[in-house]
Amino acid sequence: KTARVVFSGIQPTGIPHLGNFLGALLNWVKLQREAPLDDQLIFSIVGWHALTLPQDPHALSVARREMLAVLLAIGLDPNRSIIFHQDENPHHTELAWILNCITPMGKLRRMTTWKSRLATSRNARDESEVDESMLNAGLFTYPVLQAADILIYRTTHVPVGEDQQQHIELCRDLADNFNRTFKSQHPLFPLPQHVQTPSPRVLSLRDPSAKMSKSSPDIQSRILLTDNAALIKAKIRGAVTDPIVGVTYDPEARPGATNLLTILAACTGKEVSEVATRYHDKGHGKLKADVTEAVEEVMRRPRAEFEKLKGETEYLSSVARAGISKARELSEVTMKEVRTCVGL
Ligand code: ADP
Ligand code: NA
């Protein structure tokens, strides 16, 4: 069995919320704990992707540094995993350009992320007036940059959410297309596999018909990694449930109660069915109290670590420097071969 190269990334667009934490970040820590030692683990803070939407430059530069502190605070170990800022490695954009040149426009137009952006901009104004010219080209081609992020390290495994499935398929297509178009002695890029990690979908505490998201204007709808025990308690107490007596797992009819069960199961490492059985004759008050305790339990340490680390700018810089140097060492080898393949 050959060693895996595992790559995943997160945008530096603010302090992660409970959904990001339970749905994505905790999986990274678990992976780091369980992966055989010869697996190469690479986690990236993908600053260039953040620019596909308007960002306040100062806020972005703060968020970028804070995300590194977050990754360390949750337990990623820079001695085991390569942790680095994507925007410090120009090889990503260099490869992205080359991949752009073999990517059919039609394929990008079929990306559901692009289609939903188009739909949003269409609703916002007179339907007949709106076309792609309202959206920037970066947003259109960001799946290609994402493919470059993955392929530049000859990644074999990509643990990301279900919503990213289509992008990973595009990435495989591009890798295959490149391998066929530019024949080297051996296929240059492995076709990376999407690793479907069982990750809970955490819903908004205020509107359980939507997922918990940083884009909601209602700050009560999400729990942030930086929220203290009192804030966590208040937000969970304010979570929207329903007037039905008892607690049942029913995503369709009872999304609020179901969301609380999901959160409790994820925080305690239990099956949601098991948790649901335990609460079927209990009230929402008891459930909320226990969810509050469980969330505080998983958040306490990362929160304290983050508070400690976020001011340690020297240490954070040194971790970033070590990370980028390891990342570039790998990407340089790939880029050399890529350039030879295409004739540059
Ligand atoms: P947001 O949707 O808040 O903008 P991102 O799109 O930056 O968050 O997502 C970062 C990671 O967190 C992705 O892997 C995504 O699948 C995961 N994630 C985001 N929101 C949730 C949620 N509500 N429940 C579970 N996972 C989530
Ligand atoms: Na999102």
Residues that are away from ligand 1 (no atom under 12 Å from the Cβ) and either within 26 Å of Val295 (Cα to Cα) or assigned by TED's automatic domain parsing to the domain that holds Cys171 (or both): find the helices (runs of 4 or more DSSP H) completely inside the range 1-86 holding 3 or more of those. 26-34, 57-73
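One line per residue, one yes/no per condition, for (1) more than 12 Å from the chain's Cα centre (by Cα); (2) of a type in the set (A, V, I, L, M); (3) open to solvent by less than 60 Å² (accessible area, probe 1.4 Å):
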residue: Gly9; (1), (2), (3): no, no, yes
residue: Pro16; (1), (2), (3): no, no, yes
residue: Leu22; (1), (2), (3): no, yes, yes
residue: Leu31; (1), (2), (3): yes, yes, yes
residue: Gln40; (1), (2), (3): yes, no, no
Of the residues in the range 168-193, those that are open to solvent by 40 Å² or more (accessible area, probe 1.4 Å) and either not in a loop (DSSP other than H, G, I, E, B) or not polar (S, T, N, Q) (or both) number 14
Pairs needed: first member in the range 256-277, over 18 Å from Glu297 (Cβ atoms); second member anywhere, open to solvent by less than 10 Å² (accessible area, probe 1.4 Å); C-beta distance under 6 Å; at least 6 residues apart or different chains. Ala257/Val247; Ala276/Leu261
Mind listing just one residue for me: the one in the range 89-108 that is without any contact (Cβ under 8 Å) to a residue 24 or more places away in the chain and over 12 Å from Ala148 (Cα atoms) and, of those, surrounded by the fewest Cβ atoms within 10 Å (Cβ to Cβ)? Gly106
Can you go through Arg201, Arg237 and tell me which one is away from ligand 2 (no atom under 16 Å from the Cβ) and open to solvent by 60 Å² or more (accessible area, probe 1.4 Å)? Arg237
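Per-residue answers, yes or no, for (1) under 27 Å from Ser8 (Cβ atoms); (2) within 15 Å of ligand 2 (Cβ to nearest atom); (3) hydroxyl-bearing (Ser, Thr, Tyr); (4) touching a residue at least 12 places away in the same chain (Cβ under 8 Å):
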site: Gln166; (1), (2), (3), (4): yes, yes, no, yes
site: Ala175; (1), (2), (3), (4): yes, no, no, yes
site: Pro192; (1), (2), (3), (4): yes, no, no, yes
site: Asn228; (1), (2), (3), (4): no, no, no, yes
site: Lys233; (1), (2), (3), (4): no, no, no, yes
I want to confirm something. Restricting to the range 217-230 and keeping residues that are touching a Ser or Thr at 6+ places or on another chain (Cβ under 9 Å) and open to solvent by 40 Å² or more (accessible area, probe 1.4 Å), which single residue is farthest from Arg301 (Cα to Cα)? Asp218
Is at least one residue of the range 247-266 among the aliphatic types (A, V, I, L, M), exposed (fewer than 13 other Cβ atoms within 10 Å of the Cβ) and in the same structural domain as Ile223 (by TED's automatic domain parsing)? yes
Out of the residues in the range 109-136 meeting the condition of being under 14 Å from Thr52 (Cβ atoms) and in a loop (DSSP other than H, G, I, E, B), tell me which one is modelled with the highest pLDDT. Met111
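The values are calculated or read from the model by the stated rules, or taken from the named source; none is laboratory data. Values in this document were obtained by computation on a predicted structure and should not be read as measured data. Reconstructed Cβ throughout: ideal geometry from the backbone, glycine too, with neighbour counts over all protein chains shown. Ligands, DNA and RNA are stripped out before the accessible areas are found, and what is left, the full protein with its side chains, is counted by its heavy atoms. Shrake-Rupley method; radii C 1.70, N 1.55, O 1.52, S 1.80 Å.
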